[in-house]
Structure formats: C-alpha cells, structure tokens
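Below is one structure; the comments refer to it alone.
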Amino acid sequence: MPRSANMDAPDLGPIDEYIPIPEEFWSFADDGPFQKCTVCNIPLLEEGKLYLIEKAFKNSEVVFEYAMCIDCHQNLRQDLSAQSLRLIDHYFDEHVDLVKRRQRLMESYDEDISPWLSECLVTGKALDQCNEYQIMTLCDGDDMLFTYIPCLLSGEAMESIQSLLSKKTKERLDGFVDDFLGLPPEAKIRTPYIG
C-alpha cells in the first residue's frame with residue numbers, strides 16, 4: 001500500500017469500518033478466505049492478526065494471489081531500496097488524495113466494496129476497461145478493514161510504478177515471486193505491489 005496510507009495521511013485511529021472479507025478477496029486456489037500467510041504460514045483468521053491481500057488479474061483470470069501478515073510485509077519492505085520506496089511514495093502523493101477518496105467512498109457507499117474497486121486508484125480507468133489489474137486490501141482476522149484501501153491498480157498504473165523500481169528492488173520482488181508464488185516466467189506479467 002502507498003506509504004501515504006500509513007504515514008502522511010491523518011491517523012484513522014481505531015477503525016470501526018469493517019466487514020467480513022468479501023469474496024473478491026478470497027483465495028481463488030482455496031475457494032474461501034486465505035487461511036495462512038503465504039510467507040511464514042501463520043494462521044490469519046484470528047482477531048487482531050493484520051495482513052494484506054493482493055490479487056492480480058489478466059483477462060479476468062487470476063494470475064497470482066497472496067496474503068501476507070504485516071510482519072512479513074514490513075520485513076520485505078525493508079529489503080527494498082530506499083530510492084524505490086521514495087519514488088513510489090512520491091508517485092502516490094502526486095496522483096492520489098487518499099484522504100478525500102476515503103471520505104467520499106465512506107460517506108457515499110459506506111460498506112459497499114464495489115465502488116472501492118470500480119476504477120484504478122491512480123488513473124481513474126474503469127475496471128471494465130482494464131485487461132490487467134491488481135486489487136489489494138488490509139484485513140484483521142476474518143474481517144476486511146476500510147482504511148485507505150481496498151483499491152484497484154490498473155495495468156498502466158502498475159507499469160508506471162514498476163518503472164520507478166531499482167534493479168535491487170526488482171530482483172528482490174522477483175525473488176519473492178519465485179519463492180512464494182511459483183509463477184512460470186511467461187506468467188510474470190506484473191510484479192507484486194509491496195508498497
């Protein structure tokens with residue numbers, strides 16, 4: 001998720017807006033909610049266990065998916081180059097007002113997830129116009145939280161983000177893909193977003 005979602009945007013305080021994890025964020029492979037962290041295998045469905053879910057699609061087919069506990073996410077972020085993280089943060093700061101987006105969606109739609117995933121967070125491109133896209137969200141146990149995500153990133157936005165990554169960061173993310181997602185080279189259309 002963009003750094004802005006954690007550091008630059010106002011603190012959300014205790015988050016009261018949550019719903020049971022919607023099917024959009026269920027595991028395609030398991031046909032239900034993710035049960036464990038893709039990296040460390042700890043159980044995820046216990047209350048108080050924070051984790052991220054990311055799913056990538058091409059032509060409406062799931063290309064990859066994972067759930068990652070916050071500890072593993074922070075460890076992976078620490079392995080990425082500081083320059084890449086700064087550039088990604090700057091990119092989101094320039095293109096997205098996360099505070100206004102959240103206020104608008106929470107006031108207008110409350111806990112309906114479809115508007116949160118109806119267009120690209122960065123470009124505004126409609127979901128039905130995206131051949132490739134990625135969705136992500138934050139969960140606590142068996143609930144999804146409405147923080148500054150859930151969100152959708154179009155293929156174009158992901159290309160822009162990938163162009164900001166250093167060689168070190170690309171290699172580390174490729175290592176994550178090889179170690180945990182098991183994608184063949186021809187399926188590696190997008191790098192997971194570990195922002």
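Couple of notes before you dig in:
- Size check on segment 3-183: the Cα extents along the three principal axes, sorted descending, read 41, 36, 35 Å.
- Simple label model, 7 Å out from Cα along Cβ direction - PHE28 to GLU107, nm: 3.6
- Segment 42-103 shape via C-alpha gyration tensor axes, a/c threshold 1.5: rounded
- Using R0 = 25 Å, the C-beta based FRET efficiency linking LYS49 and ALA82 works out to 0.30.
Taken together, the values in this text are just the output of simple stated rules run on the coordinates, not laboratory data. Since the model is a prediction, treat every value here as computed from it, not as a measurement. Here the Cβ is made from the backbone with ideal geometry for all residues, glycine too, and neighbour counts use every protein chain on show.
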